[in-house]
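The block underneath contains the structure these notes are about, expressed in structure tokens.
The values are calculated or read from the model by the stated rules, or taken from the named source; none is laboratory data. Please read these numbers as outputs of a predicted model, since none were measured by experiment. Here the Cβ positions follow ideal geometry from the backbone for every residue, glycine too, while neighbour counts run over all protein chains shown.
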Amino acid sequence: MILLDRVTKTYDKNHNPALNRVSLHISPKEFVILVGTSGAGKSTLLKLLTREEKPSSGKIVVGGIDYDTLKDKHIPLLRRKIGVVFQDFKLLPQRTVFENVAFALEIAGMTNREIKTTVPKVIELVGLKGKEKSFPHQLSGGERQRVAIARAIVRQPKILVADEPTGNLDPKHSWDIVKLLEKINKYGTTVLLTTHNAEIVNKLKRRVVVLEHGKITSDQVQGSYKQ
């Protein structure tokens with residue numbers, strides 16, 4: 001599903017690489033946690049996966065798409081396979097919960113009929129039934145993150161990348177979001193979660209990949225993490 005083979009990314013030739021010969025394989029339907037301190041290379045890795053950045057060297061294949069031969073015009077198709085959730089939600093403040101989730105389908109060219117059928121199911125899946133007409137400012141931080149997750153999965157991506165999704169949340173809401181990610185994973189979506197939260201990592205007992213200074217220093221099934 002996700003394959004990185006000796007991937008290096010250098011932004012500035014006078015500095016050390018952001019990623020240095022990183023090799024990583026994530027199978028379909030896996031739940032993998034990517035951890036590392038600020039500056040370890042997590043953000044760079046995610047930008048390479050979504051093709052916001054290109055590697056300086058090495059090979060990347062995601063969902064059967066070889067990035068070496070990926071044309072710019074096909075990048076939107078790639079991004080439909082990858083849902084992304086951010087720490088700061090990135091919701092549209094003037095749109096309701098329903099409209100925020102529907103927006104992802106509108107830009108994908110789906111019909112109004114398809115949108116009306118699909119969006120309520122996803123809103124219910126993330127536990128926000130009854131909040132369809134609410135605006136982001138009327139929601140808690142945890143609820144806003146649920147909207148962001150709904151928007152990321154409404155196009156049924158094969159992969160969900162959750163980039164520090166609990167970074168702005170209190171412990172209870174953080175754990176609710178993690179449970180939701182596990183639920184989505186059970187439906188067959190590959191989940192890649194980045195986090196600083198050692199407690200979440202150690203409770204989940206999932207595969208843990210540790211990045212340090214642009215290199216993978218540990219890759220363990222049912223791994224743990226000490227900050």
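Gly188 fails exactly one of the following numbered conditions: (1) touching a Lys or Arg at 6+ places or on another chain (Cβ under 9 Å); (2) surrounded by 17 or more Cβ atoms within 10 Å (Cβ to Cβ). What is the number of that condition?
(2)
Which is of a type in the set (Phe, Trp, Tyr) and in a helix (DSSP H, G or I), of Phe103, Phe89?
None of the others qualify; the one that does is Phe103.
With region 1-81 as the region, which strands (runs of 3 or more DSSP E) entirely inside it contain at least 2 residues that are farther than 19 Å from Gln156 by Cβ and touching a Gly at 6+ places or on another chain (Cβ under 8 Å)?
2-9, 19-26
Consider Lys47 carefully, then state whether it is surrounded by fewer than 17 Cβ atoms within 10 Å (Cβ to Cβ) and on the phi < 0 side of the Ramachandran plot.
Judged against the criteria, Lys47 is a match.
Take Thr194 and decide whether it is crowded, with 21+ Cβ neighbours inside 10 Å and touching a strand residue (DSSP E or B) at 6+ places or on another chain (Cβ under 7 Å).
yes
Would you pick out the residues in region 136-181 that are charged (D, E, K, R), within 21 Å of Pro120 (Cα to Cα) and in contact with a Ser or Thr (Cβ under 7 Å, 6 or more places away or on another chain)?
Selection gives Lys158 alone.
Kindly evaluate Leu181 against the criterion of being closer than 23 Å to Gly41 by Cα, outside any strand (DSSP E or B), modelled with pLDDT of 95 or more and in contact with a helix residue (DSSP H, G or I) (Cβ under 8 Å, 6 or more places away or on another chain).
Yes: the conditions hold for Leu181.
Just one of (1) more than 21 Å from Val178 (Cβ to Cβ); (2) loosely packed, with under 15 Cβ neighbours inside 10 Å; (3) of a type in the set (Val, Ile, Thr) trips up Thr37, so point out which.
Going through (1) more than 21 Å from Val178 (Cβ to Cβ); (2) loosely packed, with under 15 Cβ neighbours inside 10 Å; (3) of a type in the set (Val, Ile, Thr) one by one, Thr37 breaks only (1).
Pairs, please: C-beta under 9 Å, at least 6 apart or cross-chain, first residue farther than 22 Å from Leu181 by Cβ and in region 71-97, second aromatic (Phe, Trp, Tyr)?
Qualifying pairs under 9 Å: Leu92/Phe103; Pro93/Phe135; Gln94/Phe135; Arg95/Phe103; Arg95/Phe135; Thr96/Phe135.
Restricting the search to region 109-139, which residues are exposed (fewer than 14 other Cβ atoms within 10 Å of the Cβ), on the phi < 0 side of the Ramachandran plot and either at pLDDT 95 or above or not hydroxyl-bearing (Ser, Thr, Tyr) (or both)?
Asn112, Arg113, Glu114, Lys116, Thr117, Lys121, Glu124, Lys129, Lys133, His137, Gln138, listed by residue number.
Take Ile216 and tell me if it is farther than 20 Å from Gln87 by Cβ, β-branched (Val, Ile, Thr) and surrounded by 13 or more Cβ atoms within 10 Å (Cβ to Cβ).
For Ile216, the condition - farther than 20 Å from Gln87 by Cβ, β-branched (Val, Ile, Thr) and surrounded by 13 or more Cβ atoms within 10 Å (Cβ to Cβ) - is met.
Do we find a residue being more than 16 Å from the chain's Cα centre (by Cα), in a loop (DSSP other than H, G, I, E, B) and of a type outside the set (Asp, Glu) anywhere in region 169-176?
Yes - at least one qualifying residue is present in region 169-176.
Across region 87-108, what is the number of residues that are closer than 21 Å to Gly141 by Cβ, at pLDDT below 90 and surrounded by fewer than 17 Cβ atoms within 10 Å (Cβ to Cβ)?
The number of residues fulfilling the criteria is 2.
In contact with a Phe, Trp or Tyr (Cβ under 7 Å, 6 or more places away or on another chain), more than 28 Å from Lys133 (Cβ to Cβ) and crowded, with 17+ Cβ neighbours inside 10 Å: which single residue out of Ile82, Ile60 fits that description?
Ile60
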